[in-house]
1. For the structure I just gave you, tell me whether I54 is surrounded by 15 or more Cβ atoms within 10 Å (Cβ to Cβ) and either of a type in the set (G, A, S) or out of contact with any Cys (no Cβ under 8 Å at 6 or more places or on another chain) (or both).
2. Only one of V29, V25, V38, V48 is β-branched (V, I, T), touching a Ser or Thr at 6+ places or on another chain (Cβ under 6 Å) and modelled with pLDDT of 90 or more; which?
3. Take the residues in region 35-62 that are out of contact with any strand residue (DSSP E or B) (no Cβ under 7 Å at 6 or more places or on another chain) and part of a helix (DSSP H, G or I); name whichever of them is nearest to I11 (Cα to Cα).
4. Are there any pairs, at least 6 apart or on different chains, whose C-beta atoms fall under 8 Å, with the first in region 33-62 and of a type in the set (D, E, K, R) and the second loosely packed, with under 10 Cβ neighbours inside 10 Å and part of a loop (DSSP other than H, G, I, E, B), and if so, which?
5. Write out, first by first residue and then by second, each pair whose Cβ atoms fall under 8 Å of each other, whose residues are 6+ apart or on separate chains, and whose first residue, in region 1-29, is within 15 Å of W60 (Cα to Cα) while the second is among the acidic types (D, E) and assigned to a loop (DSSP other than H, G, I, E, B).
6. Scan region 1-34 residue by residue and report those that are within 11 Å of the chain's Cα centre (by Cα), in a helix (DSSP H, G or I), under 11 Å from T55 (Cβ atoms) and of a type in the set (V, I, T).
7. With the checklist (1) acidic (D, E); (2) at pLDDT below 90; (3) surrounded by 10 or more Cβ atoms within 10 Å (Cβ to Cβ) in hand, flag the one item E59 doesn't pass.
Amino acid sequence: EDGWQVEAPEIERIIEHSDIEDPEVRRQVMVLLKHRSVQQSLIKSGAVIGQKIITGRMEWYL
């Protein structure tokens with residue numbers, strides 16, 4: 001498995017127009033994902049800590 005794909009158009013637009021290599025930008029995106037309960041929803045769907053998550057062009061780990 002290549003990871004979990006999160007489809008969130010609003011967040012994907014933010015990622016598309018941001019420098020996701022900048023640690024501060026990545027932190028802000030992660031805060032947004034947390035506020036939208038994305039991580040909690042992934043866990044409820046069967047994702048486990050350490051799995052790769054893909055949101056737009058950003059890859060991160062649960």
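1. Details: surrounded by 15 or more Cβ atoms within 10 Å (Cβ to Cβ): no; either of a type in the set (G, A, S) or out of contact with any Cys (no Cβ under 8 Å at 6 or more places or on another chain) (or both): yes.
No: the conditions fail for I54.
2. Details: V29 fails: touching a Ser or Thr at 6+ places or on another chain (Cβ under 6 Å); V38 fails: touching a Ser or Thr at 6+ places or on another chain (Cβ under 6 Å); V48 fails: touching a Ser or Thr at 6+ places or on another chain (Cβ under 6 Å).
Every option except V25 fails the conditions.
3. Taking region 35-62 first, the residues out of contact with any strand residue (DSSP E or B) (no Cβ under 7 Å at 6 or more places or on another chain) are 35-37, 39-41, 43-46, 48-49, 56-58.
Keeping just the survivors that are part of a helix (DSSP H, G or I) gives 35, 39-41, 43-44.
Values: H35: 12, Q39: 14, Q40: 16, S41: 15, I43: 19, K44: 20 Å.
It comes out as H35.
4. Once the first residue is of a type in the set (D, E, K, R) and sits in region 33-62, its partners that are loosely packed, with under 10 Cβ neighbours inside 10 Å and part of a loop (DSSP other than H, G, I, E, B) give K52/D2.
5. V25/D19
6. Result: I11, I15, V29.
7. Among (1) acidic (D, E); (2) at pLDDT below 90; (3) surrounded by 10 or more Cβ atoms within 10 Å (Cβ to Cβ), the lone unmet condition for E59 is (2).
The values are calculated or read from the model by the stated rules, or taken from the named source; none is laboratory data. Predicted, not measured: the structure shown is a model, and the values here were computed from it. Cβ sites come from the backbone with ideal geometry, for glycine too, and all protein chains shown count toward neighbours.
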